[in-house]
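Structure first, then comments.
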Amino acid sequence: MIILVGFISMFLGRYMINPFKVVQILYSNMTGNALDTVQNTIVWDIRLPRIFLTMMVGAGLSVAGAAFQGCFHNPLVSPDLLGVSAGAGFGAALGILYTSDVFGITPLLSFGFGVLAVSASWLLSRIKKNSTILSLILSGIIISSVFHSLISLIKFVADTDSQLPAITYWLMGSFANTSWDNVIFAVLPISVGIFILFSLRWHINILTLGDEEAKTLGVKPEKIRIIIILASTMITASAVMMTGIIGWVGLIIPNLCRMIIGSDYKYLMPLACILGALFMMSIDIIARVITPAEIPIGVLSALIGAPFFAIVYSKTKGI
């Protein structure tokens, strides 16, 4: 199914390409005889890296969302719970404001501030001696609010002709400027993060029983929770670094998987990975073809995700 959607994505767009021509272009590039045509550039250098990045981002955010929901015993949390998206958004806005993305500094600032936001949330939650999951969640809300306020401040002082539109468009999320360099930078942290979370599926199952039961079964909840947060933060910060803020994916896909296959993370996590990739690839196609100007992916994911989640919620007995 992923291969089919990916193939469809290669010939659909504002510049339509015959499917047979797409096959010819792919074959010529894989055999080392790349065609020197505009269509070859569109398929191989623009659309193909974009497909790979949408797959990685969709899969990564969905797996991170599923892990967070198990980690915090709450199916209504998402990967940006601890402020990673807000922090990354501030880093990107700061980069656009002061560097105009010289030497690709903006993605690095985005990643750095995303990690910093989560670290700040963690440290804030440790102020009290008896730190709980609730204190960590509340700390994440506080840190997110701080960074959202800083983003608003940057938008206020940004140049309205060049910087403000760039900041606003980036914050809405987009795959429009994807290149093979983006894929190379994103593949390692997202893949490592997914691998770590996959290896913790059985531990997450135990965490859902509660901390006391987990300790009884020989699992250290605090240690596992830290690893989950670090891996999920690495995935989310890497995704936001390359594409901007994309919401809802890490919330609705795990809940959809839970409806289909149940709450066993042994099966839920792989399904979330697949459906997340399919969902992101599908809405990216819609974003490219539904209007003459490409719709920001974050806007479309919210427009589709919010009503879809309402339907999912209405059909469940309780989550």
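The values are calculated or read from the model by the stated rules, or taken from the named source; none is laboratory data. If you're wondering where the values come from, they're calculated on a predicted model, not measured in any experiment. With ideal geometry, Cβ positions are generated from the backbone for all residues, glycine too; neighbour counts draw on all protein chains shown.
A few comments on the model shown:
- Comparison of Ile17, Ile51 shows that the only residue that is in contact with a helix residue (DSSP H, G or I) (Cβ under 6 Å, 6 or more places away or on another chain) and assigned to a loop (DSSP other than H, G, I, E, B) is Ile17.
- Only one of the listed residues (Ser179, Ser100, Ser121, Ser149) is modelled with pLDDT of 95 or more and small (Gly, Ala, Ser). That residue is Ser149.
- Among the candidates Asn33, Asn29, the residue that is loosely packed, with under 15 Cβ neighbours inside 10 Å, of a type outside the set (Gly, Ala, Ser) and out of contact with any Asp or Glu (no Cβ under 8 Å at 6 or more places or on another chain) is uniquely Asn33.
- The residues of segment 103-127 that are in contact (Cβ under 8 Å) with a residue 40 or more places away in the chain, aromatic (Phe, Trp, Tyr) and under 14 Å from Phe90 (Cβ atoms) amount to a single one, Phe111.
- Just one of the listed residues (Gly83, Gly13) is within 22 Å of the chain's Cα centre (by Cα), at positive phi and surrounded by 15 or more Cβ atoms within 10 Å (Cβ to Cβ), namely Gly83.
- Flag for Phe147 being in contact with a Phe, Trp or Tyr (Cβ under 7 Å, 6 or more places away or on another chain), in a helix (DSSP H, G or I) and not basic (Lys, Arg): yes
- Unique residue being closer than 24 Å to Arg47 by Cα and in a loop (DSSP other than H, G, I, E, B) when the list is Ser131, Ser174: Ser174
- Enumeration of residues in segment 159-188 that are farther than 18 Å from Thr99 by Cβ and surrounded by fewer than 13 Cβ atoms within 10 Å (Cβ to Cβ): Thr160, Ile184, Leu188
- Sole exception among (1) more than 24 Å from Met234 (Cα to Cα); (2) in contact (Cβ under 8 Å) with a residue 60 or more places away in the chain; (3) not in a helix (DSSP H, G or I) for Asp80, by number: (1)
- Pairs, first over 15 Å from Pro49 (Cβ atoms) in segment 1-29, second assigned to a helix (DSSP H, G or I) and hydroxyl-bearing (Ser, Thr, Tyr), C-beta under 8 Å, six or more apart: Val5/Ser282
- Of all residues in segment 189-209, those satisfying the criterion of being among the hydrophobic types (A, V, I, L, M, F, W, C), touching a residue at least 12 places away in the same chain (Cβ under 8 Å) and surrounded by 13 or more Cβ atoms within 10 Å (Cβ to Cβ) are Ile190, Val192, Ile194, Ile196, Leu197, Phe198, Leu200, Ile204, Ile206, Leu207.
- Boolean, Gly140 is buried (at least 16 other Cβ atoms within 10 Å of the Cβ), out of contact with any Leu (no Cβ under 7 Å at 6 or more places or on another chain) and in contact (Cβ under 8 Å) with a residue 40 or more places away in the chain: no
- When Leu35, Leu48 are screened for being under 19 Å from the mean Cα position of the chain (by Cα) and farther than 22 Å from Ile151 by Cβ, only Leu48 passes.
- Unique match (being free of Cβ contacts under 8 Å to residues at least 12 places away in the same chain, under 25 Å from the mean Cα position of the chain (by Cα) and surrounded by fewer than 16 Cβ atoms within 10 Å (Cβ to Cβ)) among Glu222, Glu212: Glu222
- Counted as qualifying within segment 208-319 are the helices (runs of 4 or more DSSP H) with 1 or more residues that are at pLDDT 90 or above, over 30 Å from Met16 (Cβ atoms) and hydroxyl-bearing (Ser, Thr, Tyr), namely 221-243, 265-289.
- Enumeration of residues in segment 258-267 that are surrounded by fewer than 24 Cβ atoms within 10 Å (Cβ to Cβ) and touching a residue at least 24 places away in the same chain (Cβ under 8 Å): Arg258, Met259, Ser263, Asp264, Lys266
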